[in-house]
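Working notes, beginning with the structure itself.
Values in this text are rule-based calculations from the coordinates and carry no lab data. Just so we're clear, the structure is a prediction, and the values are computed from it rather than from any experiment. Virtual Cβ from ideal backbone geometry, glycine too; neighbours counted across all protein chains shown.
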Amino acid sequence: MIRLESVTKVYKGGTVAARDVSLNIRRGEFVFLVGPSGSGKSTLVRLLLRQEMATRGTIWVAGKDITRLPAWKVPYLRRSIGTVFQDYKLLSTKTVSENVAFALEVIGRPRSAIRSQVEQVLDLVGLEDLGGRYPDQLSGGEQQRVSIARAFVNRPLILLADEPTGNLDPTTSVGIMRILDRINRSGTTVVMATHDHAIVNAMRRRVVGIEEGQVVRDEQGGGFEEASEPVESTGSDSPPQNLPPRPDPGESTLPHMDS
Amino acid sequence: MGRMIFLIGESLVNLRRNALVATGAILAVFISLTLAFGALVVNELLRLNTIGWQQGTHIIAFLKDPDQGGLDAAGQVVYRDQVVDWEEVETVHYVDKAGAYEEFKEIFASRPELIEVTDPLKLPASLRIELQSIDLYRDVQFRLSADPVVREVRSFGEQIEQLSTISRVLNVLGWGLSLVLGLSAIILISNTISLAIYARRNEVSVMKLVGASNWFIRVPFLLEGLIEGVVGAVLAVLTVWLAARNLNSLGETIQLITLNIPARFFFRWGVVLVLFGATVGVAGSLLGLSRHLREVDS
C-alpha cells in the first residue's frame, strides 16, 4: 500500500529531514511513526501526501509512484488518503455536519450521497447527536473526532494521522485511538506519527522509530521504547520472522472506554 | 448543477466577507469603463453631427441665375451631372428655386412675415454635395469657387475638422484614462482575490487536503473577480445610457445638433463593455490566484 525506496528529503538551507528511508507498509496495517521532535515524522507524512517532494528516492502510494505524479493528479491521490492533524483543521464557520460534508462537496459527490455518508461517519465516531454544533462548542476530543470523520467520510484506503492525540488528555486520547483502531479494522491502512508512549504501548502495533531522518527501528507489536532486539526495516512485503504476532483484527487491545 | 450552485455560493460568501474591498474594485471598473464608454458616446455624437450633418452634405454650391450669367434650370441639371462625375464627390443633390423656397418656408415656419416678404424667385438653386472624404473639401471648394456659374460656396469642412480634432483629443483622453484605470481595476481585483484567499486560507487548505481539484479551488475566486468586473461594467453602461438619454431630451431644444444616439449603438457597445469588464475581472482574479494560492499550505 505504501512503499518508500531510499527516500531523502533535504529542505532549503540544507536541513535533512529524511535520510535514505526505506519502508514498506502493507494494506490494512496500523503503523506508528515514533521519534523525538524534529526527527522527521511529520516530513514523512507530508511526503506521503505530496505536500513535499522527495529530493531523492521513490514513494509508492496505492500503486502509484507519487514522486512522478503530475501536479494535476495530486488531488486524485489525496482522495484515497484521509488526514488527521493535531490542530484538527476544522472550519469554524461550518457546523460539524458541514465540516464533514465539505470533504465530499469539494470532490463533487451528489448531495443525496453526502447526507447519508455524513450520517454514517458521524455515527461511527459517536457524534451523531452533535451534527448541528460548531467546532467552538465542542471539546478537544470531540473536535478531533470530527476531524477523523472528515478524513474517513470518503472511505480512503489510507489514513494518515500526525499527532492526533497531541492536544488531548490520556482518557480522551484513548477514545480517539479506539476510533482509529475501528477504522483500521475496517481495512484502512493507518499511519500515525505520535509522541504518546501510553498509546503506542497499549496498542502493540508495528512501530517505526525515526531519529534524525533515519529509520532506526521497525518492530511489529512494539512499544514506544526500543525492544531488546530491534529489527531494521527490510523494505520487503513479508513481515520479519522474529516479531510477535499481530493482534487479532477483530480484537481491540485498548482499554475499554465509553465514547 | 449542484456543484455550480456550491461554487457560486462560495464566491458570494467571498464577496460578502470582503464587501468593502470588492466595492472598491467594482468602482474602479465602473469609473474606468464609464470614461471609456463616455468617450465612445461623445465620439459617436460628433460623428453623427459631422458625417451625418445636413443629411450628409459637406458643401453647398449656390448657383447664379441666368440673368447673373448663370445657367438655366436645364443647364443646372447638366452641371449637376458634371459635378457628380468628379472623383472627390460621392453624391450631388440638386435643389431648384422651388425646392429652395420650400426649404426656406420650413426653416422659417415660425416667422410668417419673413416668408411673406420673400420673393421665391430670388432664392438661388443649389447643389448639395457629399464628398468621398471630408479631407477633400478644400480642393472641391476651390474648384467650385473658380467656376463662373457658381455664385457662392459654403463648406462645413472647417467645422467638421474642428469637431474631428475635439473628437480625437477626447478619444485619446478617454481611452488613456480608461486604460490606466482599467489596469488599476485589474490590480484592485487582484488584491480583493488575495484578501479572499487569505480570509479563506483554512478552507483552501482543507480543500487541498481532501482532494479538491485545482479548478474547483480556483473557480469561486474567478467567479468573484468576474462578478466584480461585470457589475462594474453594467453600472458603467447604465450610467452612460441614462446620461445620454437625458442629453437627448435636452437636444430636442437645440436645433441643428443631434444628440440622439441609436439604441443599437448602446446595445452593441454595451455588450462589448460588459465582456471587457468580465475579462478585466477574470484577469485580476488570475493575477491574485497566481500570486497567493500556492502560499496556502496544503
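Worth pointing out:
- In plain terms, the residue of B:His292, B:His93 with the fewest other Cβ atoms within 10 Å comes first and the most crowded comes last, giving B:His93, B:His292.
- Helix A:111-124 vs. chain A, principal-axis angle (Cα, 0 to 90°, nearest 10): 70 degrees
- Candidates A:Glu219, A:Glu105, A:Glu211, ranked by Gaussian network fluctuation over chain A, Cα under 10 Å, top entry: A:Glu105
- Rough spin-label spacing in nm, given labels placed 7 Å along Cα→Cβ, for A:Thr15 and B:Ala243: 5.7 nm
- Prolate/oblate/rounded call for region B:82-188, Cα gyration tensor, a/c under 1.5 rounded: oblate
- Stretchable slack from B:Asp96 to B:Thr23, in nm (0.36 nm times residue separation minus alpha-carbon distance): 20.0 nm
- Computed [θ] at 222 nm, helices only, for chain B once each DSSP H run of length n ≥ 4 contributes -39500 (n - 2.57): -24000 deg cm²/dmol
- Under a Gaussian network description of chain A, with springs only between Cα atoms under 10 Å, the residue in A:Ser139, A:Ser80, A:Ser112 that fluctuates furthest is A:Ser112.
- Rg and Dmax, both from the Cα atoms of the protein assembly as shown and both in Å, are 40.5, 136.
- Given R0 = 25 Å, the distance between the Cβ atoms of B:Val180 and B:Thr279 translates into a calculated FRET efficiency of 0.90.
- Scalar couplings 3J(HN,Hα) for region A:146-160, obtained by applying the Karplus form with A = 6.51, B = -1.76, C = 1.60 to θ = phi - 60°, are 4, 4, 5, 4, 5, 5, 9, 4, 8, 6, x, 6, 10, 10, 9 Hz; x denotes Gly and Pro.
- Kyte-Doolittle mean at least -1.0 and Cα axial length at least 18 Å: DSSP H helices in chain B: B:2-17, B:19-50, B:157-199, B:214-251, B:263-292
- Potential lengthening between B:Ser164 and B:Arg138 on full extension [0.36 nm per residue; Cα-Cα distance subtracted]: 7.8 nm
- Annotation for A:His197 and A:Arg26: the two label points, set 7 Å from Cα along the Cα-Cβ direction, are 3.1 nm apart.
- Theoretical gain in end-to-end length, B:Val271 to B:Trp215 [0.36 nm per residue, Cα-Cα removed]: 17.5 nm
- In the elastic network of chain A, a GNM with C-alpha springs shorter than 10 Å, the most mobile of A:Pro36, A:Pro170, A:Pro70 is A:Pro70.
- Bridgeable lysines around B:Lys97 (alpha carbons under 20 Å apart, same-chain partners fewer than 8 residues away excluded): B:Lys64, B:Lys105, B:Lys122.
- Helix A:170-185 vs. chain A, principal-axis angle (Cα, 0 to 90°, nearest 10): 80 degrees
- Intensity falloff of region B:150-231 expressed as log10 I(q)/I(0), Debye formula with alpha-carbon point scatterers, at q = 0.18, 0.23 Å⁻¹: -0.85, -1.06
- Less than 5 angstrom separates the built amide H of A:Val207 from those of A:Phe32, A:Glu219, A:Gln220, A:Gly221, A:Gly222, all sequence-distant by 5 or more or on a different chain.
- For region B:86-120 versus region A:102-168, the gap between their alpha-carbon centres in whole angstrom: 88 Å
- Treating r as the C-beta distance of A:Thr8 and B:Met4 and R0 as 45 Å, the FRET efficiency rounds to 0.55.
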